[in-house]
Amino acid sequence: MRFPSFYVSQSLAIALPLLLVLPNAGSIRQAPIAQPVPQSLQIAALTSQEQAALRQGQVLLSGQDGSYTARVMANGSVETAWAVLTDYDNFANFLPGVESSQLLESSGSQRQFEQINVVRIFPITHRERTVISASEAYPAKITFNQVEGDLKKLQGAWYITGAGSQVMITHQVVVEPSSNRGIFFAIYKDNLQKTMAALKQEVERRTSR
């Protein structure tokens, strides 16, 4: 039975989340070249109200129609946040909706990883096998893009910014489904909110060990 693309729950890439089927095992199709965190995405660029909300543990999510920016702040270091975002083999242990994940290829700063995502809409359980191509620029940025999959478009980046004893994780993504845009975007935003909260929780769990 074929399901429409709006049932996909974790099309972020982490890509997170980041949703793609693995092509023939050849050379990695590289994501866009990573750059340092833009000044406009750093903590100082946010309003005092936004900074206060982040320090209180809230997820900030803005954007519409497939273009989104999400932020969360966690107690921990840049190094710990980086370790969480690049823990490709273990996303299923802490990201909602991810049933399994594994690193498939690694070359220099380039990674390609597979995820199997699960959507449960009673009484239906639907699985999507996906692959993401990512480019890492330690310790500040990870860009990603779709290799293949049900979505017409999926690309974006993760940014990591230190803030004393805390770290801010910023996610920018542009996503376009093949159909059912309105329903898809509503589900996508809800899942993005949950994913950011889960990342905060995992960073703080590893920090407290």
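The values are calculated or read from the model by the stated rules, or taken from the named source; none is laboratory data. Note that the coordinates shown come from a computational prediction; the quantities given were computed from them, not determined experimentally. So basically every Cβ, Gly included, is an ideal-geometry build from the backbone, and we count neighbours across all protein chains shown.
When region 119-147 is examined, which residues are found to be modelled with pLDDT under 75 and either in contact with a helix residue (DSSP H, G or I) (Cβ under 6 Å, 6 or more places away or on another chain) or basic (Lys, Arg) (or both)?
If the condition is that a residue be modelled with pLDDT under 75 and either in contact with a helix residue (DSSP H, G or I) (Cβ under 6 Å, 6 or more places away or on another chain) or basic (Lys, Arg) (or both), then 119, 120, 126 are the ones that fit.
So in region 65-78, with the set limited to residues that are touching a Phe, Trp or Tyr at 6+ places or on another chain (Cβ under 9 Å) and outside any strand (DSSP E or B), which one is farthest from residue 204 (Cα to Cα)?
Top of the filtered list is 65.
Just to verify a result, which residue in region 106-159, among those that are charged (D, E, K, R) and surrounded by 16 or more Cβ atoms within 10 Å (Cβ to Cβ), is farthest from residue 196 (Cα to Cα)?
Per the criteria, the residue is 150.
Among the aliphatic types (A, V, I, L, M), outside any loop (DSSP other than H, G, I, E, B) and at pLDDT below 95: is that true of residue 44 in this structure?
Judged against the criteria, residue 44 is a match.
Has region 99-113 got any residue that is at pLDDT below 95, farther than 25 Å from residue 138 by Cβ and not in a helix (DSSP H, G or I)?
Within region 99-113 (the criterion being at pLDDT below 95, farther than 25 Å from residue 138 by Cβ and not in a helix (DSSP H, G or I)), the answer is yes, since at least one residue qualifies.
Report, by residue number, each residue of region 49-64 that is assigned to a strand (DSSP E or B) and either closer than 16 Å to residue 165 by Cβ or among the polar types (S, T, N, Q) (or both).
Passing the criteria: 62, 64.
Residue check, residue 83 against (1) surrounded by 16 or more Cβ atoms within 10 Å (Cβ to Cβ); (2) at pLDDT 95 or above, all met but one. Which one?
(1)
Take residue 172 and decide whether it is assigned to a strand (DSSP E or B), touching a helix residue (DSSP H, G or I) at 6+ places or on another chain (Cβ under 9 Å) and within 30 Å of residue 55 (Cβ to Cβ).
For residue 172, the condition - assigned to a strand (DSSP E or B), touching a helix residue (DSSP H, G or I) at 6+ places or on another chain (Cβ under 9 Å) and within 30 Å of residue 55 (Cβ to Cβ) - is met.
State all residues of region 159-209 that are closer than 11 Å to residue 77 by Cα, among the β-branched types (Val, Ile, Thr) and at pLDDT below 90; if no residue qualifies, say none.
Selection gives nothing.
Is it the case, given these coordinates, that residue 135 is among the small types (Gly, Ala, Ser) and in a loop (DSSP other than H, G, I, E, B)?
For residue 135, the condition - among the small types (Gly, Ala, Ser) and in a loop (DSSP other than H, G, I, E, B) - is not met.
Consider only pairs whose beta carbons are under 6 Å apart and that are at least six residues apart or on different chains; among these, list those whose first residue lies in region 123-136 and is of a type in the set (A, V, I, L, M, F, W, C) and whose second residue is in a strand (DSSP E or B).
Within 6 Å, the pairs are 131/114; 132/13; 132/113; 132/144; 134/111; 134/142; 134/144.
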